[in-house]
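Trainee: Dropping the structure in here first, questions after.
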Amino acid sequence: MSLQGFLGGLTIIWLATVPLCADTSLSPSDLKRITYDQHLGQQLSRDLVFQDSDKKRIALGDLFNDKPTLLVLGYYHCPMLCTLINDGLIESLQELRFNVGRDFNIIELSIDPNETPEIAAAKKREYLRRYGRPKAESGWHFLTGDEGTIGQLANELGFRFKYDPASHEYAHPSGFVVLTPGGGVSRYFFGVNFNPNELRSAIIAAGNGQKGSLIKELILLCCRYSPVTGKYGQLVLVVLRVLGVGTVVLMAWWILSLARAETRRNRSQEAG
């Protein structure tokens, strides 16, 4: 079995085992529409105006310069998926020789129009502290906006999300977008763990104005987090368990393949 076939089978198993989010008012059709539509080559509207973490109004285009940009949509008080996405992103960034602010920029945008610049500023301090590299502050922007502006940018990116009144949270897909220096969509990254080598290649390609290719999406959705029980929603737990088992199986498959290849080489040498 090829690696691609194995991963395809794992995806089918995952899809078959994932239940709907518990304690949600969203219908199955609502959840089905929550995804990333890949708009490769899409030029983002530069005149969209947001507020940054310093309470300054700023046009999206003013944040674009001669460097590529990673654009992350989520919301700052998100108790689940947004944290996982940014944890994975920061871990990947720490493996790169590229530095935020020097080699590329990051824009974090809240999809919740009720979140304030003060909340954005607190999240910025947290992420900068965790990232731990100097001069990143100038290239890592944390924005808030009104419903219409957020919605327009989300539509341009193909970012489909929906507010869940039962949990007072947002259901949204996982990942981020890599933009060219001019603000064009170059590549999508999905999931919560991001390969540093792939990220490095994507940053270089975006810096050269190149457009990536469509990739298959692993859909993780924000579900409810209970502040009473301190437990995450059932969907995320199931996904993480399945992915953990899949990783172990994949490693075993890889080791077995190496052992078989070594056996074939030994037999070939003995026959020769």
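Rule-based calculations on the coordinates, nothing more; no lab input. Bear in mind the structure is a predicted one, so any value in this text is a computation, not a measurement. Backbone-built Cβ (ideal geometry, glycine too); neighbour counts: all protein chains shown.
Trainee: State, to one decimal in nm, how far the label point of ALA122 lies from the label point of ARG33, with both points 7 Å from Cα in the Cβ direction.
Mentor: Output for this residue pair reads 3.2 nm.
Trainee: Taking 31 Å as the cut-off for C-alpha to C-alpha distance, list the pairs among LYS32/LYS211; LYS32/LYS55; LYS32/LYS135; LYS162/LYS211; LYS135/LYS162 that go past it.
Mentor: Numbers: LYS32/LYS211 27 Å; LYS32/LYS55 36 Å; LYS32/LYS135 41 Å; LYS162/LYS211 28 Å; LYS135/LYS162 35 Å.
Where the Cα-Cα span goes over 31 Å, the pairs concerned are LYS32/LYS55; LYS32/LYS135; LYS135/LYS162.
Trainee: Could I have the simple spin-label model distance between ASN193 and ALA154, label points 7 Å from Cα toward Cβ, reported in nm to one decimal?
Mentor: Calculated label separation equals 2.9 nm.
Trainee: Figure the gain on full extension for SER257 and ARG102 (residue separation times 0.36 nm, minus the Cα-Cα span) and round it to one decimal in nm. Before the final figure, lay out each step's value.
Mentor: On the way: separation 155, 0.36 × 155 = 55.80 nm, distance 4.17 nm.
Additional length available on full extension: 51.6 nm.
Trainee: Ok, one more. Using a cut-off of 14 Å between alpha-carbon atoms, which aspartates and glutamates can reach LYS67, once sequence neighbours fewer than 8 places away in the same chain are excluded?
Mentor: Partners within reach: ASP103.
Trainee: Let me ask you something else. Can you list the aspartates and glutamates whose alpha carbon is less than 16 Å from that of LYS123, not counting same-chain residues fewer than 8 positions off?
Mentor: Output for LYS123: ASP52, ASP54, ASP87, GLU108, ASP112, GLU115, GLU137.
Trainee: When only Cα pairs under 8 Å and 6 or more residues apart are kept, what is the percent relative contact order across segment 88-139? Write down the numbers at each step before the final one.
Mentor: Numbers: 26 pairs, mean separation 30.6, N = 52.
Relative contact order of segment 88-139: 59 percent.
Trainee: Under the Kirkwood approximation applied to all pairs of distinct alpha-carbon atoms, what is the hydrodynamic radius of segment 97-214 in Å? Walk me through the intermediate numbers first.
Mentor: Details: mean 1/r = 0.0637 Å⁻¹.
It is 15.7 Å.
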